[in-house]
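Engineer: Sending over a structure as structure tokens; questions will come in a sec.
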Amino acid sequence: WRGNVLIGHINGGVARIGKTKAFDTIESGPLFGTHACAAAADGAGDGRVIAVDVGGTTAKASAVEDGRVLLKDSGDLFDIPLQLDMPLLRSIALGGGSVARVVDGRVTLGPDSMGAAPGPACYGLGGRNATITDAFVVAGFLSPTAFLGGRRTLDVDRARAALDKHVGSRLGVDVDSAARAVVEAAWDAVAQLARETAEEAGWDPAEVTVYGFGGNGPLFVTAVADRLGARSARLFRLGSVYSA
């Protein structure tokens, strides 16, 4: 690479390494997506937005008001309090690779993740645990032949076997019901994250517009909006790379 190396900042901009402080980089990746949502909200006229970013390991929710990323006057980093303006951002350990299991008769998700390698069982790379991605494939929300633009075919049989072993047999239900139980649990968790973010902003969750981005955001956005009682939701053609 012969060009300048630029570092993303939490304010949505970039700067050279010599102009960058460590603080500038805190959560700068996911917040790029929030700044993209702010631009989209400004153009669409959406006044209060909860931006939901779901990837492979983590789900995050942030807030946009009148086309600007919502800030709070203090925050913390690794439980160290900071008296600095910081974007309102909440996160949970939940994403496409999160491991699904049954504990005390109910579906739990994560916090451990299969990551990209070996990844979900349906990747066919050696993963044997059931994940949220496996559930989305079995439930019909992900096309096994259109993944990565058709460059990879997902193994539905491996996904079904993992869900049957780790979820269905333990709940006493068939594979399709097990997949739906995992999907519903994932939707519930991200909806709760979005609700808490809206309430921290001082908003009625039912009055926000929910934006979904990140690799898995579009699989969550309408379900999250439905659980909040929100009036509308948006997803975006380039939303998978809003945080890139």
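Just so you know, all these numbers are worked out from the coordinates, no wet-lab data involved. Just so you know, these numbers come straight off a predicted model, no measurement behind them. Note that we place each Cβ from the backbone using ideal geometry, even for glycine, and neighbour counts take in every protein chain shown.
Engineer: Excluding residue 121 itself, what net charge comes from residues whose Cβ is under 10 Å from its Cβ, given Lys and Arg +1 and Asp and Glu -1?
Structural biologist: +1
Engineer: Take residue 19 and residue 231, extend 7 Å from each Cα along the Cα→Cβ direction, and tell me the distance between the two endpoints in nm.
Structural biologist: 4.1 nm
Engineer: Please give the net charge around residue 220, taking every other residue with its beta carbon less than 11 angstrom from that of residue 220, where Lys and Arg add +1 and Asp and Glu add -1.
Structural biologist: Result for the local shell: -2.
Engineer: Turning to a different aspect of this structure: If the reach is capped at under 19 angstrom between alpha carbons, list the lysines near residue 60, excluding any in the same chain fewer than eight residues apart.
Structural biologist: 72
Engineer: Would you mind classifying segment 41-145 by shape? Square roots of the alpha carbon gyration tensor eigenvalues, ordered a ≥ b ≥ c; an a/c under 1.5 is rounded, otherwise it is prolate if a/b is larger than b/c and oblate if not.
Structural biologist: Here segment 41-145 falls in the prolate category.
Engineer: Further, regarding this structure: Over the chain, what portion of Cα pair distances is larger than 32 Å, expressed as a whole percent?
Structural biologist: Pairs farther apart than 32 Å: 25 percent.
Engineer: Still on this structure, please answer the following. If you plug each phi of segment 19-25 into the Karplus form 6.51 cos²θ - 1.76 cosθ + 1.60 with θ = phi - 60°, what whole-Hz ³J(HN,Hα) values come out, in order, with x for Gly and Pro?
Structural biologist: Per residue, the Karplus-derived 3J(HN,Hα) values read 9, 10, 9, 4, 4, 4, 9 Hz.
Engineer: Please list the helices of the chain that count as membrane-span-like by this rule: a mean Kyte-Doolittle hydropathy of at least 0.5 together with Cα atoms stretching 18 Å or more along the helix axis, each helix being a complete DSSP H run.
Structural biologist: Once both thresholds are applied, what remains is 28-44.
Engineer: Roughly what % antiparallel, to the nearest 5, for the DSSP beta bridges in the chain?
Structural biologist: Of the beta bridges lying entirely in the chain, close to 75 percent run antiparallel.
Engineer: Next up: Report the charge-dipole magnitude of the chain in Debye, nearest 20, computed about the Cα centre from +1 at each Lys and Arg Cβ and -1 at each Asp and Glu Cβ.
Structural biologist: So the dipole magnitude of the chain works out to roughly 900 debye.
Engineer: Continuing with the same structure: Roughly how many debye, to the nearest 20, is the charge dipole of segment 151-215 about its Cα centre, given +1 on each Lys and Arg Cβ, -1 on each Asp and Glu Cβ, and no other charges?
Structural biologist: 560 debye
Engineer: Beta carbons within 10 angstrom, averaged per residue: use that to sort the peptides 118-125, 174-181, 40-47, highest first.
Structural biologist: In decreasing order of mean packing, 118-125, 174-181, 40-47 become 118-125, 174-181, 40-47.
Engineer: Then there is this: Evaluate the distance, in nm, between pseudo-label points positioned 7 Å from the Cα of residue 6 and of residue 180 along their respective Cα→Cβ axes.
Structural biologist: Once both label points are built, they end up 4.8 nm from each other.
Engineer: Sticking with this one: Starting at 0 and stepping by 10 Å, how many percent of the alpha carbon pairs of segment 1-47 end up in each bin?
Structural biologist: That works out to 27, 39, 26, 7, 0, in percent per bin.
Engineer: Given contacts defined as C-alpha pairs under 8 Å and at least six residues apart, what's the relative contact order of the chain, whole-number percent?
Structural biologist: Relative contact order comes out at 18 percent.
Engineer: Turning to a different aspect of this structure: Can you tell me the relative contact order of segment 100-197? Whole percent, Cα pairs under 8 Å, sequence separation 6 or more.
Structural biologist: The value is 29 percent.
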